[in-house]
Amino acid sequence: MTLVEMGMPAVRSGRPSLDGRPDTPWLVDRFGRVARDLRVSITEKCSLRCTYCMPEEGLPPIPKDELLTVDEIVRLVVLAVAQLGVREVRFTGGEPLLRRDLEQIVAGCHERLPDIPLAMTTNGVGLEHRARGLAAAGLSRVNVSLDTVDRDGFAKLTRRDRLDSVLAGIRAARAAGLAPLKVNAVLMRETLSGAADLLQWCLAEECELRFIEEMPLDADHEWARANMVTAAELLDVLGARFTLTEAGRSDPSAPAEKWLVDGGPATVGIIATVTRKFCDTCDRTRLTADGMLRSCLFSDQEFDLREAMRSGADDAELATIWRGAMWNKWAGHGIDAEDFVPPERTMGAIGG
C-alpha cells in the first residue's frame, strides 16, 4: 500500500527555512497573517463514514506507537500558547470521542492553560455519555457535525443509522454548559432540500447553525466544482422560509459570514470555503494525530514534531520548527486554479 492510498502525504520535511522571517515569537507568515487558532487531531478513527470525508471501510489505522500520547499533546498545546501566541485550541479527529483518554487530554491542557478556551469538533455519537465529564475536565464548548435531521438522509450520507445518538449528544452538551453550541453542516446536493428543516431544528434547540461549502477533501475523490452546492444556492433555499439579513463577520478571521434569521437575534452562518474563500485572513495552524505539523488544509508539506520530540528536541527547537513551518505557508488553497491538485490526506486524516 502506498502513502497516497493511505491518504498520507509523501512530502515530510525536516527543519523549514527561516530566511527573511522577522524576529517575532508569533506564528507569522510571508503574507502578514498570524496563526492564533490551533486545531489538534487526536485520532484518525471515526464512528461514522460520511461520504465527503471517509471511505466506507474507514481510514487505515495509525499504529498506536505513532499516535501522539496525552503528554505529547499537552506539551505541544502548552508550547503553542506559551511561546507561539496561540489563543484558541480545538480538538478534532477523525472522531475525538473515540479516544478513551480524551478527558485526560482536556484536563492536562486545562490545568496548564486555565484561561485558554478548549473546544472540540465532534459528530456527537456517544457525546450524551461524556458531555458532563468533558465539561468537568475543562472543555469549553463543542461544534457538532450534523448535515440533516432527516433520519433516512442521515443514514445514507453517514452510512450509519445514528441520528438519535447525535441529537441526544447535542442536548447533553447544552445541558452540560458546553456553549455556545454550534452545529456544522456540509452543503450537499442530496440534503439541500432539507436545509431549512435543519435550521428550524437548530433554532428550536438554541444551536448556532453554520453551513459549509463542500471542499475537495473526500476519500473517494468524487468532488467536482460543477456539482457542489454554493452559498448563493443555499441562501435562495433558506430565503423561501426565513427572512435573512446579512450581518457580516464579527471577527475578520472568522470563516463564517452571518445572517440574522427573521430579524434576529438568532443567526445562521455560511462558510463559503470555495466561492468566497477567506485564505487571506486564515489564522489556523494544525497538528495531525500522528504529530505532523501542517500550515494549511490543502498543503501536503508537513513537519514531523513527533519525531523531533522523541529524538530529544527541547521546546525551543520545537518552536523554531513550528515558526518556520508557518513562515512558509502558501497564499491560499488554489481550488480555482486549473492545475489544482487535492491534498493526499483526506479531511478525516487531517482533522477539521
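Some points to look at:
- Residue satisfying condition, being touching a helix residue (DSSP H, G or I) at 6+ places or on another chain (Cβ under 9 Å), over 27 Å from LEU187 (Cβ atoms) and basic (Lys, Arg), within set ARG151, ARG112, ARG141: ARG112
- Qualifying residue in the range 26-34 (condition: in contact with a helix residue (DSSP H, G or I) (Cβ under 6 Å, 6 or more places away or on another chain) and either in a loop (DSSP other than H, G, I, E, B) or open to solvent by 20 Å² or more (accessible area, probe 1.4 Å) (or both)): yes
- Near pairs, Cβ below 8 angstrom, 6+ apart or cross-chain, from the range 58-73 (over 21 Å from LEU48 (Cα atoms)) to any residue that is open to solvent by less than 70 Å² (accessible area, probe 1.4 Å) and β-branched (Val, Ile, Thr): LEU68/ILE42; VAL70/ILE105; ILE73/VAL40; ILE73/ILE42; ILE73/ILE105
- Scanning the range 275-301 for residues that are part of a loop (DSSP other than H, G, I, E, B) and open to solvent by 30 Å² or more (accessible area, probe 1.4 Å) gives THR275, ARG276, LYS277, PHE278, CYS282, ASP300, GLN301.
- For the range 157-186, the tally of residues that are in contact with a Leu (Cβ under 8 Å, 6 or more places away or on another chain), over 25 Å from THR267 (Cβ atoms) and either assigned to a loop (DSSP other than H, G, I, E, B) or not hydroxyl-bearing (Ser, Thr, Tyr) (or both) stands at 3.
- Any chance ARG189 is part of a helix (DSSP H, G or I), in contact (Cβ under 8 Å) with a residue 40 or more places away in the chain and basic (Lys, Arg): no
- If you go through the range 202-230 and keep only what is at pLDDT below 95, open to solvent by 60 Å² or more (accessible area, probe 1.4 Å) and of a type in the set (A, V, I, L, M), you end up with just ALA226.
- Residue within the range 106-122 that is surrounded by 15 or more Cβ atoms within 10 Å (Cβ to Cβ), under 19 Å from the mean Cα position of the chain (by Cα) and in a helix (DSSP H, G or I) present: yes
- On the stretch given as the range 80-104, residues that are out of contact with any helix residue (DSSP H, G or I) (no Cβ under 8 Å at 6 or more places or on another chain), in a helix (DSSP H, G or I) and either open to solvent by less than 10 Å² (accessible area, probe 1.4 Å) or of a type outside the set (Val, Ile, Thr) (or both) total 2.
- Set LEU167, LEU163, LEU199, LEU157: member being free of Cβ contacts under 8 Å to residues at least 60 places away in the same chain and open to solvent by less than 10 Å² (accessible area, probe 1.4 Å): LEU163
- Within the range 58-105, the residues that satisfy the criterion of being closer than 21 Å to ARG310 by Cα and among the small types (Gly, Ala, Ser) are ALA80, ALA82.
- Residues that are open to solvent by 60 Å² or more (accessible area, probe 1.4 Å), touching a residue at least 24 places away in the same chain (Cβ under 8 Å) and within 19 Å of the chain's Cα centre (by Cα) within the range 231-274 comprise just one, PRO252.
Each row is one residue, and each column tells you yes or no for (1) over 18 Å from ASP315 (Cα atoms); (2) out of contact with any strand residue (DSSP E or B) (no Cβ under 7 Å at 6 or more places or on another chain).
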residue	(1), (2)
ARG39	yes, no
THR43	yes, yes
CYS46	yes, yes
THR69	no, yes
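- The range 174-187: number of residues that are more than 18 Å from the chain's Cα centre (by Cα) and buried (at least 16 other Cβ atoms within 10 Å of the Cβ): 2
The values are calculated or read from the model by the stated rules, or taken from the named source; none is laboratory data. Given the structure is predicted, the values throughout are model-derived calculations rather than measurements. Glycine also receives a Cβ, built like all others from the backbone with ideal geometry; neighbour counts cover every protein chain displayed. Ligands, DNA and RNA are stripped out before the accessible areas are found, and what is left, the full protein with its side chains, is counted by its heavy atoms. Shrake-Rupley method; radii C 1.70, N 1.55, O 1.52, S 1.80 Å.
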